[in-house]
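Scroll down for the structure; my scribbles are underneath it.
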Amino acid sequence: MEVVPGALGDAMAHKLLRSIVMKGLAAVVCEAVEAGRRAGYEDWVRGQIAAELAGDGHGTIDRFISGSAKHAARRAEEMNAVAGYCHALGTPSHMSTAARDSLMELAGAEVKSA
C-alpha cells in the first residue's frame, strides 16, 4: 500500500494514471504475443518484450517520447501495416490500431477508421 499525500482524489488520480501504463502494457503484450504465436515467432516476440522491460526505464521513456514525436507519420504507416498483418494472422489488432491512430494524431494527420 502506498499513502498518497494531498487532496481528496489524488490517490485515485495516481491509480488511474498507473492503470494507463499497466493495463495498456498488458494489452499490448498480449496482442504481440498472440500475433507472434500465430506467426510462429512467439519465443522471439517474448524475448524482444523482455529485453525492453529489462532496459533503462527512464531512457526508454525518453526514447519513446522523442522518437514518437520525430517519426510519428512513418510509425503510423508501419502500425497500419502491423494491423493488416494481424488481420491476416487472424488475431486482434486493437492496440496496434490505437497506436496507429495516436501516431497519426501526433503527426497532425486526420485519423480515419480502417
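None of the figures in this text is laboratory data; all of them are computed from the coordinates on show. All figures in this text were calculated on a predicted structure; none of them were measured in a lab. Cβ coordinates were reconstructed from backbone atoms using ideal geometry, including for glycine residues, and neighbour counts include every protein chain displayed.
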Residues that are closer than 25 Å to residue 105 by Cβ and touching a residue at least 60 places away in the same chain (Cβ under 8 Å): does segment 84-92 have at least one? yes
Looking at segment 51-73, can you tell me whether even one residue there is basic (Lys, Arg), surrounded by 11 or more Cβ atoms within 10 Å (Cβ to Cβ), assigned to a helix (DSSP H, G or I) and in contact with a helix residue (DSSP H, G or I) (Cβ under 8 Å, 6 or more places away or on another chain)? no
Residue 98 passes all but one of the listed conditions (1) surrounded by 14 or more Cβ atoms within 10 Å (Cβ to Cβ); (2) in contact (Cβ under 8 Å) with a residue 12 or more places away in the chain; (3) of a type in the set (A, V, I, L, M, F, W, C); the exception is number (2)
Listed by first then second residue, the pairs whose first member lies in segment 46-66 and is on the phi < 0 side of the Ramachandran plot and of a type in the set (D, E, K, R), whose partner is assigned to a helix (DSSP H, G or I) and surrounded by 11 or more Cβ atoms within 10 Å (Cβ to Cβ), with beta carbons under 8 Å and at least 6 positions apart or on separate chains, are 46/33; 46/36; 52/60
